[in-house]
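Down below is the structure, laid out as structure tokens.
A short reminder: the numbers here are calculations on the coordinates, not readings from a lab. Quick caveat, the model's predicted, so the values are computed rather than measured. Don't worry about glycine lacking a Cβ; one is built from the backbone with ideal geometry, like all the others, and counts go over all protein chains shown.
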Amino acid sequence: MDRKKILVFIDWYLPGYKAGGPIKSVSNIISALKKEFEFYVFTRNNDLGDSNPYENIISDKWTVLSENYQVYYASQKSISVQNIYKIISQTEFDILYLNGIFSFRFNILPLLILKLQKKKSKIIVSPRGMFGEGALGLKKTKKKLFISFALIFGLFRKVTWHSSTPSEEKEIRKIFGNKAQVINALNISIPPQTDFAPKVKQKGNAKFFFLSRISRKKNLSFALEILKNVSEGEISFDVYGPVEDPGYWKECKSIIKSLNGNIKVNYRGMLDPNFNRKILSNYHFMFFPTLNENYGHVIFESLSAGCPVILSDQTPWKNLEKNKIGWEIPLDKKEIFINVIKKCILMEEFEFNDLSAHSFEFAMASANQKEVIEQNRKLFS
């Protein structure tokens, strides 16, 4: 069988998990399609924020992980211009698949090298939410200058854009125009391997969690400020995720110190992704008022653990209250956030488990849909 060969560039990849959703997005594509395509993944040999390489991996050479699936775990010296040029020159591939926009070595450099070599390989670029309003608002000037440079010099001319939501397609076309070639292929999700189990929920008590990188984009401080306005009941709020921005985490800790005595906030550190659903099943609600999410794998994981979600309206997850799986709320409507939190605290067990069951069933129904896999298949066809 003559399979197309896909060379994937991504800053961080499995077994890493600190970089969040893009890792899961790419690994789920490969899991679903590696019988039909050959995947070659070029990535770093360490996780986000770590200096030591992963244990039990071989650096600076292609490693076969399974049939049609190889990974090159590059050390710092191997993400040089010379080595990336060598990788692109010596690897046989039909498609270059870039994940992200602003990384020089994993987005810009491979694109420039391939264009200079004038290879006929197709180029697919997945922005991974980086054109969202909330994402562009961070380091705004620097990103604006880069986009202006890219438009002037045609950096992304003749590439195919991979939008993983209809809203991302609009974001791409807003910058690159209606003539940009965009293919919609939604993110693939892996269904939970357990059955639904009702939870204990007492009126007047609620257990919330936050799971993401601790950075300004993920908006943990906003969640804490909302809780500051709640004096009813007993609240447990556990925070999981790597501290990406120590200065921002310091701001968050300052808010934590000012919270009412009825609110207990605990920083739980990193959550092993192999046990996400098992751990999350101990909670009632996810509270995640993010500034921007392209998809939000952690939102799916929360639902699949039977936890309804309280989100900002800056994610592709919509009609949550109508579907009885949570709420999406504009960030300028703080009073609504406060009222929803109060509602969750006062919720009776039977009412909560109705939402919990709907959340689980929604996750089951949305995972690994045949049409979603077909969209991703067509992306590379």
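Quick notes on this structure:
- Extension gain from VAL81 to LYS264, taking 0.36 nm per residue of separation minus the Cα-Cα distance: 61.0 nm
- For region 24-33, 3J(HN,Hα) per residue [Karplus equation, 6.51 cos²θ - 1.76 cosθ + 1.60, θ = phi - 60°, Hz, x = Gly/Pro]: 5, 4, 6, 5, 6, 4, 5, 4, 7, 10
- Put in order of Cβ neighbour count within 10 Å, fewest first, the listed residues TRP12, TRP62 become TRP62, TRP12.
- Seen from GLY269, the other residues with C-beta closer than 12 Å to its C-beta sum to a net charge of 0, counting Lys and Arg as +1 and Asp and Glu as -1.
- A straight chain from LYS122 to PHE104 at 0.36 nm per residue would run longer than the Cα-Cα distance by 4.5 nm.
- Close amide H partners of TRP317, meaning residues 5 or more places away or on another chain with modelled amide H under 5 Å apart, do not exist here.
- Unsatisfied cross-links (Cα-Cα over 25 Å) in the set LYS118/LYS139; LYS318/LYS343; LYS34/LYS139; LYS24/LYS318: LYS118/LYS139; LYS34/LYS139
- Choice from ILE329, ILE30, ILE175 showing the highest fluctuation, given a GNM over the chain with Cα pairs closer than 10 Å: ILE175
- Distance between the pseudo-spin-label points of ASP60 and ARG3 (7 Å out from Cα toward the beta carbon): 2.9 nm.
- Here the 3J(HN,Hα) profile of region 168-183, calculated from phi with Karplus coefficients 6.51, -1.76 and 1.60 at θ = phi - 60°, is 5, 4, 4, 5, 5, 5, 4, 8, 9, x, 6, 7, 4, 7, 10, 10 Hz, Gly and Pro shown as x.
- Under Karplus coefficients 6.51, -1.76 and 1.60, residue-wise ³J(HN,Hα) of region 48-58 in Hz, glycine/proline x: 4, x, 9, 9, 7, x, 4, 6, 6, 10, 9
- Exposure proxy order (Cβ contacts within 10 Å, fewest to most) of SER103, SER254, SER126, SER25: SER254, SER103, SER25, SER126
- Rounded to the nearest 20 debye, the dipole size of region 205-366 about its Cα centre is 440 debye, using +1 on the Cβ of Lys and Arg and -1 on the Cβ of Asp and Glu.
- Point-charge dipole on Cβ atoms (K/R +1, D/E -1) for the chain, about Cα centre, debye to 20: 1500
- Springs between Cα atoms under 10 Å define the GNM used for the chain, and in it the highest mean-square fluctuation of LYS118, LYS318, LYS228 occurs at LYS118.
- Maximal additional length on extending the ASP313-PHE149 stretch stands at 56.0 nm, based on 0.36 nm per residue less the C-alpha distance.
- Measuring r between the beta carbons of LYS228 and GLU36 and using R0 = 51 Å, the FRET efficiency lands at 0.50.
- Listed residues VAL265, TYR295, LEU355: farthest to the positive end of the dipole of region 205-366 (Cβ charges): VAL265
- Residue of SER258, SER221, SER304 that the Gaussian network model of the chain assigns the largest fluctuation, springs spanning Cα pairs under 10 Å: SER258
- LYS115-ASP245 FRET efficiency (beta carbon distance; Förster radius 22 Å; 0.05 resolution): 0.05
- DSSP beta bridge pairing in region 1-139, given as percent antiparallel to the nearest 5: 15
- Normalised by the number of residues in the chain, the average gap of Cα pairs under 8 Å and 6 or more apart makes the relative contact order 15 percent.
- With neighbour counts taken as other beta-carbon atoms within 10 Å, the residues SER59, SER381 rank, fewest first, as SER381, SER59.
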